Amino acid sequence: MFDGGLRRRLVFGLAVLTATGVLELATPAQGAHAASGCPGQRVKTVPFATGRLEVYRSGPYTCAVTLAKKPGAKRPMSVLLQVRGGRAVVDSGRFGRLAGPVKVRSATKCIRAVGAVSGKSGATGWILC
């Protein structure tokens, strides 16, 4: 029905498509982390009226971002991340989609994070102690 050359090309094409699909299924979380700008595993999400605060942990580092519920027009946004006993790292300004990422070396110390969009905010309290 098919000559040998056509059959080889069809089998090769099918193998490439299958491999691509397997790779996509094997890494579904990469897109979410890439969008936030924070590496690692998400350990906390705090939703609030105008957005959400996301906290990630990767090795001895903790990272946080604030994402607007409705991306678009620039509005006041901020994200704060602090290690207990240390100074807070803050990113604030007028953003359309997200504030941050901000990153601290936290190792085994407690951290707290606060995110705000247009005057509404959410906070973690002290976590990851």
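Observations on the structure shown:
- Per-residue HN-Hα couplings for segment 39-53 [Karplus 6.51, -1.76, 1.60; θ = phi - 60°; Hz; x = Gly/Pro]: x, x, 9, 5, 10, 7, 10, 10, x, 9, 3, 10, x, 8, 9
- Net length gained if the chain between Arg75 and Arg42 were fully extended (0.36 nm per residue, minus Cα distance): 9.4 nm
- Segment Ser92..Cys129, full-extension length gain: 10.7 nm, with 0.36 nm per residue of separation and the alpha-carbon distance subtracted.
Each reported figure results from applying straightforward, stated rules to the coordinates on display, with no laboratory input. Every value quoted in this text rests on a predicted model; they were computed, and no experiment measured them.
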